[in-house]
1. Which one of the conditions (1) under 18 Å from A:K164 (Cα atoms); (2) of a type in the set (K, R); (3) free of Cβ contacts under 8 Å to residues at least 40 places away in the same chain does A:K300 fail to meet, given that it meets all the rest?
2. Looking at A:V219, A:V194, can you tell me which residue is under 22 Å from the mean Cα position of the chain (by Cα) and open to solvent by less than 70 Å² (accessible area, probe 1.4 Å)?
3. Can you tell me which residue in the range A:54-66 is nearest to DNA strand D (Cβ to nearest atom), limited to those that are within 9 Å of another protein chain (Cβ to nearest Cβ) and crowded, with 20+ Cβ neighbours inside 10 Å?
4. Quick one: is A:R9 open to solvent by 30 Å² or more (accessible area, probe 1.4 Å), farther than 22 Å from A:V101 by Cβ and either within 12 Å of DNA strand C (Cβ to nearest atom) or not in a helix (DSSP H, G or I) (or both)?
5. Please find, among A:N74, A:N78, A:N58, the residue that is within 38 Å of the chain's Cα centre (by Cα), in contact (Cβ under 8 Å) with a residue 60 or more places away in the chain and near DNA strand C (Cβ under 10 Å from one of its atoms).
6. Among the residues of the range A:246-267, count how many are farther than 24 Å from A:Y163 by Cβ and of a type in the set (D, E, K, R).
7. Would you mind telling me which numbered condition in (1) part of a helix (DSSP H, G or I); (2) away from DNA strand D (no atom under 13 Å from the Cβ); (3) open to solvent by 30 Å² or more (accessible area, probe 1.4 Å) A:E73 fails?
8. What number of residues within the range A:225-254 are open to solvent by less than 30 Å² (accessible area, probe 1.4 Å) and more than 20 Å from A:L168 (Cβ to Cβ)?
2 protein chains.
Amino acid sequence: MVTLKDIAREAGVSVMTVSNVVNGNLSKVSKENAQRIREIIERRGYVPNASARSLAKNRANIIAIILRGAENENTLENPHNAALVGTIIQKIQKRGYYTMVNMMKCREDITQSLRTWNVDGAVFLGMFDDEIEEMCAASDIPMVFIDSYSSVRQLSNVGIDDYKGGRLAARHLIACGHRSIAFVSPPVLRTGVVQHRFAGFCDELEQHGISFRSEHQFVLESDVRPEDTMELGRRLAQLREKFSAVFVTSDQIASYLIQGMRSTGIRIPDDMSIIGFDDLMICRQMTPQLTTIAQDLEEKARLSVDILFRRLSAPAAPAESLVLDVTLVERESVAVKR
Amino acid sequence: MVTLKDIAREAGVSVMTVSNVVNGNLSKVSKENAQRIREIIERRGYVPNASARSLAKNRANIIAIILRGAENENTLENPHNAALVGTIIQKIQKRGYYTMVNMMKCREDITQSLRTWNVDGAVFLGMFDDEIEEMCAASDIPMVFIDSYSSVRQLSNVGIDDYKGGRLAARHLIACGHRSIAFVSPPVLRTGVVQHRFAGFCDELEQHGISFRSEHQFVLESDVRPEDTMELGRRLAQLREKFSAVFVTSDQIASYLIQGMRSTGIRIPDDMSIIGFDDLMICRQMTPQLTTIAQDLEEKARLSVDILFRRLSAPAAPAESLVLDVTLVERESVAVKR
DNA sequence: CTGAAAGCGCTTACAG
DNA sequence: CTGAAAGCGCTTACAG
């Protein structure tokens, strides 16, 4: 392994001078020396040792992405998360930082990782309030959360207007003549995204004089278990006398649900209307194409990284909390009922 | 920040003793000391500094995942890659290593990252031969490639039988009575996966006395540009007098293609049969459900990591190259033609 | 513009 | 079982 010292010896200068060249502090090095040293670096294929640098500078140049996922679940199987993570990694890289990705199993693992690597900042996906509190307490590096709801003050978060999403979904279904509507979601009601979508949904119903009936709420154990979801689809199909439409909190789930319903022979949207959430690509790949509440993933990723780096360069900068808009995208999965 | 020294001082022992406790070398420490030190570590919340450790041990405990993606493309938007990466990260973590993810923009970036962090090993997705050569030349850490074809000897690679996949697709279409068949793929013909699928496809046709006509080959600029792909779908629909079936090298592409075709009013599979590749979840989310060539992603991820760690623990171990099987999964997108 | 010294937090190799 | 010394490759802070 080639080190600063090797280069210095070959160039007949001190390590400091080489270090200055490597780090672009050219004001401190004579033109001739700089040129000669650069040439030697190039020829010898010198690459600085990041660990040594990190140790000396007390700064690692690493951003961590923390993915919250249920036990043994592959969070990236969810297209929403995958697209988000991919974009975030690109943005981090573009700014000259390295990315570490962690699947959160338990909280200590995460705080440990952050501290052991002396990570500069972190982006969290889908964390809950108690976890957020713990993270904030355990470390004071800049953190940005995505899609979290938290009572922690001074939290940087990028989310969407989930409540409005719920209202839009309900409003659309009502406008299409549906009065009795089911709600399907994963079990994460304990304070997150789903809860707010549900609240918006119920409030909108209420406003139209409809009260949501709790027996119309269906909770899935997980959002990446196709089989379970299809099974629920079949069950819902049997209940089509009870309601004429379903609001589902993700397109991913909606697609499996529809598959399950279909297998019983019921027609969508004729026999049952469905509205999803996210506006993933699959909405257009399905038949009928899925009506859904759209959010802008690219924007979400971009803003998260922007905020993180703003805090990195100005640690005293205020926490920023952004709420992106959502819109209804009408396609083919909701029927007008008379 | 709490350091070994702090703990040592508090415990009234040397840093070495604390270091031994931290690293579980308990044979070198008396029971009482070990217990007391552990208690202090716990209370003070000591976390070892990975950079310092990495520097001293010359070993970082990091595995890099390198994603090859076209300029400005989000590789993780491809569900195949996303699922693979997610599983790989989990397996790496389970073995007590950290994961760095890199999108490959240019080659120097990658070799630089690997060396600067003194990465222990790396997993590469979808690299081409010339790139592979360069990686192998630039670094001698254990590397495992996924889905690569290379003339480099002693390469560890985990792939699937792409050639057979091509044959299976052709055979199925022929068995269903199709004689004139189109081929759609991304532009990566320069030696990879696509080329072998194409070769298998052509050979099988040949064997049945059909020669593939080059004007029936359609190359997309990229595999994640829905608009372009849909446009091609519309074009193909116009050409339905020329061929009655299409073999597409990925389910992802097939789905957009179908969308495009559909928009012109042609029916699938009645007017045009389609067969995909990968067996992603979307195959079942679509209508008609997509007939495809299936591969086992979970297995691919698992084996890649297994091989990598085998090489990590036994650097002299031979390179392993694994070829997983593929199978035809019949669903609804291929019609029997008379 | 240049460099010698000290230090970042850990481990290796050795002496007791 | 325990510890003092040297070193990993870099940077910071200072003196010239």
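The values are calculated or read from the model by the stated rules, or taken from the named source; none is laboratory data. From a predicted model like this one, the values you see are computed outputs, not experimental measurements. Please note: Cβ atoms are built from the backbone with ideal geometry, for glycine as well, and neighbour counts cover all protein chains shown. Each accessible area value is taken on the protein alone, full model and side chains, heavy atoms only, with ligands, DNA and RNA left out. Shrake-Rupley method; radii C 1.70, N 1.55, O 1.52, S 1.80 Å.
1. All conditions are met except number (3).
2. Working: A:V219 fails: open to solvent by less than 70 Å² (accessible area, probe 1.4 Å).
It is A:V194.
3. A:L55
4. Working: open to solvent by 30 Å² or more (accessible area, probe 1.4 Å): yes; farther than 22 Å from A:V101 by Cβ: yes; either within 12 Å of DNA strand C (Cβ to nearest atom) or not in a helix (DSSP H, G or I) (or both): yes.
Judged against the criteria, A:R9 is a match.
5. A:N58
6. The total comes to 2.
7. The number of the failed condition is (1).
8. So the first thing to find is which residues in the range A:225-254 are open to solvent by less than 30 Å² (accessible area, probe 1.4 Å), and the list is A:226, A:229-230, A:232-233, A:236-237, A:243-254.
Those still in the list that are more than 20 Å from A:L168 (Cβ to Cβ) too: A:226, A:229-230, A:232-233, A:236-237.
Of the residues in that region, 7 qualify.
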